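Data first, discussion second: the structure below is written as structure tokens.
The values are calculated or read from the model by the stated rules, or taken from the named source; none is laboratory data. As the structure is a prediction and not an experimental result, all values here were calculated from the model. Don't worry about glycine lacking a Cβ; one is built from the backbone with ideal geometry, like all the others, and counts go over all protein chains shown. Surface accessibility is based on the protein's heavy atoms, side chains included, excluding ligands, DNA and RNA. Shrake-Rupley method; radii C 1.70, N 1.55, O 1.52, S 1.80 Å.
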Amino acid sequence: MTTTQLDDGGVDLSALLGNDEEPLERALDGQTSGPLAVLGSPFGGRETVLARAADRLDARHVRFDADTSAADAVDALAGGPTVVEGCHHLYTRTVGGFGPLSRFLDALAETETTVVTGWNRFAWSYLDAVRDIEMVFPTHIETRGLSGEEIATFVEANATERPTFRRDEADESPFTVHRREVTVANRTVSVPLPALDRKALVARRADDLDPKTAAFERLAAVSDGNPGAALAIWKRCVDGDVRPTDIEAPDLDADLDRVAAFCLRILLSTERVDRATLADRIGPRTPRLLGRFARAGIVRSEDGTVRLQPAGVPAAVAVTERWGVL
């Protein structure tokens, strides 16, 4: 557990929160009771909101990690207003894995001082389904995806690349075909499934836009408006001249199965996880899956820790949503 001021490059707070900015201000002004939960996707600007809260409250800014014990989590609530990031590290999806989280939530219910907590939104969805965690927090707000214009402002403030924008005449089909394995009469067969390609639709709409606007509209589409993902994708794709269709996020093959999707969901929910812990949950296929994800630019493994990469978030989300993994 560390105490720090976090910085994600200065995403505009109004752009991140939209209509949730007012509930945040009311909570920080003491107009609402109980702890506040701030939800956000990995690299989606959650740290900006928590840093704002820490400044406004003159609060300690504490970050939990996978090694934070139940006692440390409870101790973090003592001593005045506190902003706590990384609350999703207080549980594991195993039998008996909710102990630290339960103790933290019990202590939180008895705390009279102002506490602002930060949560990964994928972890929150799971916890709300299995633990009704939303009942603990009278107020929760969530960061949203940014528009093309907002993404442009953020990227240009944080990237060193200054490319020349070129128009392209993209003649892409708005449909793409994925294959899904299904079981029919005790036989496993692969069937084609057509799906809308949002990137191609954006490229078509970009015909009437100037090349720069079209490029950032496409970047917003392929990154799902996630500022951290957008910046990482931009740095991967941009070198000299850039056309809208040059902007591509890392992709994963459509033949991934539910085990792979579950592995990705754990990575989305934790953002970084001990490799051995992940292997315990996934099994002997873990090395091959992680190798595949690493080659696609979705994860990076170092010193026994597997870290989700910003540019890989959209692809990981797409796979888990396709399989309906919570």
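Which one of these does residue 305 not meet: (1) surrounded by 21 or more Cβ atoms within 10 Å (Cβ to Cβ); (2) touching a strand residue (DSSP E or B) at 6+ places or on another chain (Cβ under 7 Å); (3) hydroxyl-bearing (Ser, Thr, Tyr)?
(1)
Is it true that residue 43 is surrounded by 22 or more Cβ atoms within 10 Å (Cβ to Cβ), under 25 Å from residue 305 (Cα atoms) and aromatic (Phe, Trp, Tyr)?
yes
Can residue 245 be described as of a type in the set (S, T, N, Q), open to solvent by 10 Å² or more (accessible area, probe 1.4 Å) and part of a helix (DSSP H, G or I)?
For residue 245, the condition - of a type in the set (S, T, N, Q), open to solvent by 10 Å² or more (accessible area, probe 1.4 Å) and part of a helix (DSSP H, G or I) - is met.
So which residues in the range 90-135 are open to solvent by 50 Å² or more (accessible area, probe 1.4 Å) and closer than 25 Å to residue 79 by Cβ?
Scanning the range 90-135 gives 103, 106, 109, 110, 112, 114.
Tell me, which residue of the range 146-169 that is assigned to a helix (DSSP H, G or I) and open to solvent by less than 30 Å² (accessible area, probe 1.4 Å) is farthest from residue 218 (Cα to Cα)?
Ranking the candidates gives 154 first.
Please go through the range 254-270 and pick out each residue that is assigned to a helix (DSSP H, G or I) and out of contact with any strand residue (DSSP E or B) (no Cβ under 8 Å at 6 or more places or on another chain).
Answer for the range 254-270, where residues must be assigned to a helix (DSSP H, G or I) and out of contact with any strand residue (DSSP E or B) (no Cβ under 8 Å at 6 or more places or on another chain): 258, 259, 260, 261, 262, 263, 264, 265.
Name the residues in the range 272-302 that are assigned to a helix (DSSP H, G or I) and either touching an Asp or Glu at 6+ places or on another chain (Cβ under 6 Å) or surrounded by 14 or more Cβ atoms within 10 Å (Cβ to Cβ) (or both), would you?
Quick first cut of the range 272-302, residues assigned to a helix (DSSP H, G or I) only: 275-282, 286-295.
Those that are assigned to a helix (DSSP H, G or I) and either touching an Asp or Glu at 6+ places or on another chain (Cβ under 6 Å) or surrounded by 14 or more Cβ atoms within 10 Å (Cβ to Cβ) (or both): 275, 277, 278, 279, 281, 282, 286, 289, 290, 292, 293, 294.
Given the criteria out of contact with any strand residue (DSSP E or B) (no Cβ under 9 Å at 6 or more places or on another chain), at pLDDT 95 or above, surrounded by 19 or more Cβ atoms within 10 Å (Cβ to Cβ) and farther than 15 Å from residue 266 by Cα, does residue 311 qualify?
The answer is yes for residue 311.
Can you confirm whether residue 185 is open to solvent by 50 Å² or more (accessible area, probe 1.4 Å), among the small types (Gly, Ala, Ser), out of contact with any Lys or Arg (no Cβ under 8 Å at 6 or more places or on another chain) and modelled with pLDDT of 85 or more?
Against the criterion (open to solvent by 50 Å² or more (accessible area, probe 1.4 Å), among the small types (Gly, Ala, Ser), out of contact with any Lys or Arg (no Cβ under 8 Å at 6 or more places or on another chain) and modelled with pLDDT of 85 or more), residue 185 does not qualify.
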